[in-house]
1. Give the range 157-190 a look and list any residue that's assigned to a loop (DSSP other than H, G, I, E, B) and in contact with a strand residue (DSSP E or B) (Cβ under 6 Å, 6 or more places away or on another chain), or say none.
2. (1) farther than 17 Å from Phe131 by Cβ; (2) in contact (Cβ under 8 Å) with a residue 60 or more places away in the chain; (3) out of contact with any Phe, Trp or Tyr (no Cβ under 7 Å at 6 or more places or on another chain): which one isn't true of Lys180, the others all being true?
3. Take the conditions farther than 21 Å from Leu27 by Cα and buried (at least 17 other Cβ atoms within 10 Å of the Cβ) and apply them to Met238. Does it pass?
4. I want to confirm something. Restricting to the range 179-188 and keeping residues that are buried (at least 19 other Cβ atoms within 10 Å of the Cβ) and in contact with a helix residue (DSSP H, G or I) (Cβ under 6 Å, 6 or more places away or on another chain), which single residue is modelled with the lowest pLDDT?
5. Which of the residues belonging to the range 129-147 are surrounded by fewer than 24 Cβ atoms within 10 Å (Cβ to Cβ) and assigned to a helix (DSSP H, G or I)?
6. Among (1) within 29 Å of Asp240 (Cβ to Cβ); (2) at pLDDT 85 or above, there is one condition His51 misses while meeting the rest; what is its number?
7. Could you grab me the full set of residues in the range 111-123 that are surrounded by fewer than 21 Cβ atoms within 10 Å (Cβ to Cβ) and either modelled with pLDDT of 65 or more or under 17 Å from the mean Cα position of the chain (by Cα) (or both)?
8. Look through Leu44, Leu90, Leu62, Leu69 and report the one residue that is surrounded by fewer than 21 Cβ atoms within 10 Å (Cβ to Cβ), modelled with pLDDT under 85 and of a type outside the set (Ser, Thr, Tyr).
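The values are calculated or read from the model by the stated rules, or taken from the named source; none is laboratory data. Everything quoted here is computed from the prediction, not taken from an experiment. Because the Cβ atoms are built from the backbone with ideal geometry, glycine has one as well, and the counts that use them run over all protein chains shown.
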Amino acid sequence: MSWLEALFLGVIQGLTEFLPVSSSGHLTIAQTLLGVEFAEGDMLFFDVIVHAATVCSTIVILWKEIAWLLRGTFTTKTWNSEKQYAGKILLSMIPVFVVGMFFKDTVESIFGSGLTIVGVCLLITASLLTFAQFAKPRTKEQISWVDSFIIGLGQALAVLPGLSRSGTTIATGLLLGNKKEQVAQFSFLMVLIPILGATMLDVLDLIQNPIDSHLSFVTLLVGFAAAFLTGCAACKWMIDIVKRQKLLYFAIYCLVIGVFALVYGLR
């Protein structure tokens, strides 16, 4: 893979990780159209780099919220609002933890099944965003424990390529009647630990089973920088988009790309 391909894929990863259009689905489409071929083990290595970049971008953009959460959680105060919020985030991670622990091989096999599954999942994403756009507005004061778990179920389903994680979790939260800005913040914070955990497991796998990577330092640096910078922009942009309830545009986009992926995959 050249540094130019790394730049392109890094930009796609950074943008689509936060926008409700599925990063995994777009990466699959981009690699297919560009004909990008990875040597054995290089795909995992590149994925670790760009996912680490998007984690860093989340921390940069939501630093104030993360600092507030950490300060309030690690205090002697009993069961304050910060500890409750942290508990809800932990609860939301249970479904994706179960999927990662017991269904990892199944999920990985689905990722190699071509563009057809990507197209179907993108159409599901489009439907979810449309329902969320026209859902009757309600304003719960805070995300409940039950809502946290249901949003977590949405995140677990979004491991499928083409089913947007941010789109699924935000749409689920809005359909449950939560405030737009609260849902956006919760959606981005709840993914930090799972992505960090998955990245650390991949790093441990690389340490235990070292590979002779064919990717140059420049290529990896370009991919990381592209994913980080575009991730910062997309994270900030997405929070504003949710606040202004402009999800329908992304629903239309996912519909178009989903149909394209289906047609291209079935040809």
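1. Gly177
2. So Lys180 meets the others, but not (1).
3. Details: farther than 21 Å from Leu27 by Cα: no; buried (at least 17 other Cβ atoms within 10 Å of the Cβ): yes.
Considered against the rule, which asks whether it is farther than 21 Å from Leu27 by Cα and buried (at least 17 other Cβ atoms within 10 Å of the Cβ), Met238 comes out as no.
4. This residue is Lys180.
5. Thr130, Phe131, Gln133, Phe134, Trp145, Val146, Asp147
6. So the condition that His51 fails would be (2).
7. As a first pass, look at the range 111-123 and keep what is surrounded by fewer than 21 Cβ atoms within 10 Å (Cβ to Cβ): 111-114, 116, 120, 123.
Phe111, Gly114, Thr116, Val120, Leu123 - these are the residues of the range 111-123 that are surrounded by fewer than 21 Cβ atoms within 10 Å (Cβ to Cβ) and either modelled with pLDDT of 65 or more or under 17 Å from the mean Cα position of the chain (by Cα) (or both).
8. Leu44
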